[in-house]
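Please read the structure below before turning to the comments.
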């Protein structure tokens, strides 16, 4: 009877992913090149809604955030050694805070990854159209058509197998990171005696001292969002008990090193002058790659190369977010916390077909809204930027807030221990993680302009709805508990 019950649970394809595949998933979702191009100015403070940030001490803010993220990674790794299900943080929160809170957290977390996916696809369509139009005066297709093509391509990659998805991410991330890293090292060499590493890590370099650095830390958390998503591949990974924890922690270390170099170059390259940085705030990477006559270290050709690698990294992020979203939707549907048809699996490729179709429909709805509902994110008058950017801004704010809240819940739950085991290291990691996520949540709300400021409130509403649904729809015993191969040791999950 027990064997028959186990057979009733939908299963993904064979567990054959390697450590490299799992690292590609986390690094791909993080999108280090994309973040270095557009998010580091938030850490500096020149384009933040508060006007506050770490200034020339941005590398110090990144370092502090990296330590906090590593603490959260330690918690994820601890859970990942026990649970090997595709639900990831949904299962982790359920283990510690009960099934109702876990279900609400799953609704929030995966609605966040879905929002990030759809918003990014809309952004890429507009980015491609406008970049081709600006550079070559020939955009080829309208932005929404580009977005549809990208969504179709991601659908195909997701459907044909998880290993294809991770290898696509690996290829795109390697190319983009390698090109940008070589350029950053070139800038450091060109700066020569103008380099001042001590200044970059001195809190007095920030406009408001430690206060400015801490504001920088609040924004720096955003560049690490997605570090944990390798855990969504646990069911499809060989030796998940060993590989998933390693992948999560190694991903944090890898991107931390890259971000430290990126943050340093993006302040030192402008000689720590905030006024000069402000003039290039929209895209400091492109400003640094511009010809020397424009104050940069490159050429027009190099700017175009940077535009290309940023696009490649954006695609890697979209694929990574899509993989995470579909595995999470599948896991929750398999536990009947979402409608059962969403847990359907392709018999040929072992991929979560129901979840993939669901995600693609949402992508297309976002694309349609961007094209034909232009007032959607212009509630208080026309936006100062293209509508596709307004949609991405809202979606990324919603997604980042949703994920950070679930990080906080995971850290809070870990104070109770994992399987009843409480260690000093876990307590320390939980305290550091709670402090970091608490600050990031504050930064997501404080002085954020309309209508983007409404995103966290929608996220809270989704959590509440998920909580209500969890009391009405009981679901069934979680797969992470019912299926022996999805756990190590005696796992007790609240229902």
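A short reminder: the numbers here are calculations on the coordinates, not readings from a lab. Keep in mind the model is a prediction, meaning the values are calculated, not measured. Counting neighbours? That spans all protein chains shown, and the Cβs are built from the backbone with ideal geometry, glycine included.
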If you stretched the chain out fully between residue 278 and residue 423, how much longer would it get, using 0.36 nm times the residue separation minus the C-alpha to C-alpha distance?
47.6 nm
For helix 300-334, report the angle its Cα long axis makes with the longest principal axis of the Cα atoms of the chain; keep it between 0 and 90° and round to the nearest 10°.
20
Simple spin-label estimate for residue 336 and residue 442 in nanometres, 7 Å along Cα-Cβ:
4.4
Determine which residues of the stretch 301-326 fall in the zone a paramagnetic label at residue 186 would reach in this model, i.e. backbone nitrogen under 19 Å from the point 7 Å along Cα→Cβ.
301-313
How do 362, 244 line up, fewest other C-beta atoms within 10 Å first?
362, 244
Per DSSP H run of at least 4 residues, take -39500 (n - 2.57); add these up for the chain, divide by its residues and hand me the 222 nm value, nearest 500 deg cm²/dmol.
-22500 deg cm²/dmol
Relative contact order of the stretch 213-304, please, whole-number percent, based on alpha carbon pairs below 8 angstrom and at least 6 residues apart.
13
Enter the per residue convex hull volume of the stretch 241-390, computed from alpha-carbon coordinates, in Å³ rounded to the nearest integer.
202
Could you please rank 346, 325, placing first whichever residue has the fewest other Cβ atoms within 10 Å of its Cβ?
346, 325
Please determine, in degrees from 0 to 90 and to the nearest 10, the orientation of helix 240-268 with respect to the longest principal axis defined by the Cα atoms of the chain, where the helix direction is its Cα long axis.
10
Per 20 Å bin, what is the whole-percent P(r) computed from every C-alpha pair distance within the chain?
25, 58, 16, 0
Nearest 10 degrees is fine. How inclined is helix 424-445 to the longest principal axis of the chain, computing both from alpha carbons?
60
Quick one: if you stick a label point 7 Å off each Cα along the C-beta vector at residue 208 and residue 193, how many nm between them?
3.7
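Can you give the FRET efficiency to the nearest 0.05 for residue 368 and residue 305, using r as the Cβ-Cβ distance and R₀ = 41 Å? Could the numbers behind the result be given before it?
On the way: r = 33 Å, r/R0 = 0.80.
Working from the Cβ atoms, E equals 0.80.
How far, in nm, would the chain grow between residue 239 and residue 348 when pulled straight, counting 0.36 nm per residue and subtracting the alpha carbon separation? Walk me through the intermediate numbers first.
Values: separation 109, 0.36 × 109 = 39.24 nm, distance 2.31 nm.
That pair, residue 239 and residue 348, stretches by 36.9 nm at full extension.
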Sort 454, 120, 312 so the one with the fewest other Cβ atoms within 10 Å of its own Cβ comes first.
454, 312, 120
To the nearest 0.05, how large is the calculated FRET efficiency for residue 67 and residue 175 if R₀ is 22 Å and r is the Cβ-Cβ distance?
0.15
